[in-house]
1. May I ask for the distance between the Cα centers of region 192-262 and region 298-312, given as a whole number of Å?
2. Positive end of the charge dipole of region 80-147 (Lys, Arg +1 and Asp, Glu -1 on Cβ, about the Cα centre): tell me which of Leu138, Tyr109, Tyr119 has its Cα farthest that way.
3. Across every pair of different alpha-carbon atoms, what Kirkwood hydrodynamic radius in Å does region 80-147 reach?
4. For region 264-404, what are Rg and Dmax over the alpha carbons, in angstrom?
5. Please go through region 227-267 and write out the trypsin sites (Lys or Arg not before Pro) that DSSP classes as loop and that have at most 16 other C-beta atoms within 10 Å.
6. Please identify every one of the chymotrypsin sites (Phe, Trp or Tyr not before Pro) in region 200-249 that sits in a loop by DSSP and has no more than 15 other beta carbons within 10 Å of its own beta carbon.
7. Suppose each label sits 7 Å from its Cα in the direction of the beta carbon; what would the Ile84-Ser114 distance come out to in nanometres?
8. Can you compute the charge dipole magnitude of region 173-391 about its Cα centre, using +1 on each Lys and Arg Cβ and -1 on each Asp and Glu Cβ, nothing else charged? Give it in debye, rounded to the nearest 20.
Amino acid sequence: MFSNPLRHTVTRCAKFWKFQQSLATSISVCTISTTPTFQNETKSPDDEKDQKDSSGLVSTMKKYILKRRDYSKKFTDNNTITAIQAMQDYILSPGDLDGLQQIRVRSPYVGSSSPIMVYLERDVEERAIKIWGSREALEREQKRFQKLHSKNKFSNTTEKTQSVKRFESLLGSGQGKVVAYAAVANATIGIFKFGCFLASGSASMFSETLHSLADTCNQLLLLWGVNESLKNPDAKHPYGYGNMRHIMALISGVGIFCIGCGASVYHGVQVLLHPQDGLDLASLSTFGVLLGSSFIEAASLVIAIQETRKNAKKHNLDFWNYVNESRDPSTNVVLLEDSAAVLGIFVAGGALALTHITGNVMYDAIGSIVIGGLLGTVATFLVTTNVNALIGRSIPQERMENLKEALEDDVCVRGVYDVKATQLGSDEFKFKAEIDFDGREITRAYLASVDMEQVMHEINSVKTMEELEQVLLRYGEHVIDTLGVQIDRIETELKKKHSDLRHIDLEVL
């Protein structure tokens with residue numbers, strides 16, 4: 001079926017791999033390559049010829065193994081860098097790279113399918129030392145450049161331009177609009193509530209004033225957090241600033257608990273312990289402010305509810321599950337704060353009415369304590385949900401199973417293990433898995449892209465061990481490149497199905 005030269009080459013290749021495996025496991029080379037002879041066995045001339053060939057191959061393999069690399073030692077001769085890296089790291093100009101060997105490699109950048117040209121780093125370093133005169137001079141110039149670069153990393157013009165763009169994005173986003181409207185509304189309401197407190201001395205109005213003050217400060221913090229979360233990833237924060245919204249929401253929850261809840265309860269208890277008579281707590285202006293506040297707070301609440309429903313629908317979650325998972329912490333804070341504010345207004349109004357009818361300030365004090373309890377409940381929920389998000393909460397199990405199933409259905413994958421996926425922010429997550437790739441399918445994908453007749457010609461032309469080594473090394477490099485291509489394909493398909501999947505780490509077993 002095969003010609004004699006081809007059969008001889010294939011036989012040698014098979015023996016080559018057999019010897020490699022046996023030598024790697026420290027088994028005697030000679031005992032593996034020879035054919036065992038039993039007592040009454042008669043050897044044919046072909047067997048004797050194969051045994052002589054095997055003995056020669058054993059000797060060659062021993063010499064070859066002695067030249068293999070020691071993988072426990074540092075080896076950097078084959079490290080490559082791009083032209084940009086070469087110019088930045090070694091302070092070179094484009095013309096300084098002329099004449100250096102270039103190597104064509106797959107592009108490591110997302111969305112780029114065209115290969116790029118890179119340089120051997122040792123060649124670039126030698127050229128840089130030659131240009132700067134010595135290694136010491138090169139190192140001095142590198143330190144000077146790093147100091148200069150750190151000082152001028154961003155110019156004032158660049159910072160202003162980026163800030164303007166982020167502010168425009170902030171006002172254009174749904175959550176930015178919700179928080180901005182709530183901040184303006186609470187600031188306006190807080191001013192009128194404070195005026196009523198000064199006029200009446202009501203404990204409930206004092207609590208409501210603190211409530212509005214806390215809400216306004218928290219929403220300003222949230223606006224800043226949303227603005228920071230829109231920053232692009234950089235060297236110090238490669239995964240971006242998405243968690244700034246959770247951090248600001250957490251601080252907001254702590255502020256509500258300390259300022260809103262603590263001060264309201266304390267003031268209510270003081271009124272119970274030391275009641276004052278003769279205060280006109282329930283004036284017409286007081287009820288007018290409460291009524292106007294209820295309309296403004298209700299309008300802000302409706303906006304927050306609409307934004308939450310829209311986002312919950314986008315993530316295929318029901319309203320309360322979306323709120324409970326704190327997918328959008330900024331809108332969550334506004335939603336819960338406004339809900340507590342509307343309830344608090346009714347509590348304050350009822351407390352003032354009872355105090356006016358009975359003349360007993362106890363009802364006003366109880367109203368202040370109830371409002372503090374509402375704020376404490378909201379604060380506890382915000383702190384708990386945002387802490388869970390910040391410590392690395394997993395995505396829903398159903399989505400995890402969908403991702404794993406998509407990987408297992410791929411022809412190049414034999415097994416998927418140690419699957420992990422965590423939220424990076426309200427609208428993105430990262431995914432990691434250990435993948436057992438099918439080497440045969442990867443090799444088949446490579447062979448589908450080459451001329452098999454040319455491959456056959458290369459195999460037939462092999463005459464020495466060195467030539468065989470070069471053929472196998474070239475083949476192995478192409479197979480590794482094909483593995484990279486298949487990983488890129490799988491990652492692209494996953495991102496198409498899951499638009500909020502930002503970072504994928506597929507580890508090869």
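Just so you know, all these numbers are worked out from the coordinates, no wet-lab data involved. Treat the numbers as computed from the prediction; the structure is a model and nothing was measured. Backbone-built Cβ (ideal geometry, glycine too); neighbour counts: all protein chains shown.
1. For region 192-262 versus region 298-312, the Cα centre distance is 18 Å.
2. Tyr109
3. Working: mean 1/r = 0.0785 Å⁻¹.
For region 80-147, inverting the mean 1/r across all distinct Cα pairs yields 12.7 Å.
4. 19.8, 71
5. Working: sites: Lys231, Lys236, Arg245; in loops: Lys231, Lys236.
When the trypsin sites (Lys or Arg not before Pro) of region 227-267 are filtered for loop state and at most 16 Cβ neighbours within 10 Å, Lys231, Lys236 remain.
6. Details: sites: Phe206, Trp224, Tyr239, Tyr241; in loops: Tyr239, Tyr241.
Here the chymotrypsin sites (Phe, Trp or Tyr not before Pro) that fit, given the DSSP loop and packing criteria, are Tyr239.
7. 1.4 nm
8. Values: 10 positive and 14 negative charges, 139 e Å.
It comes to approximately 660 debye.
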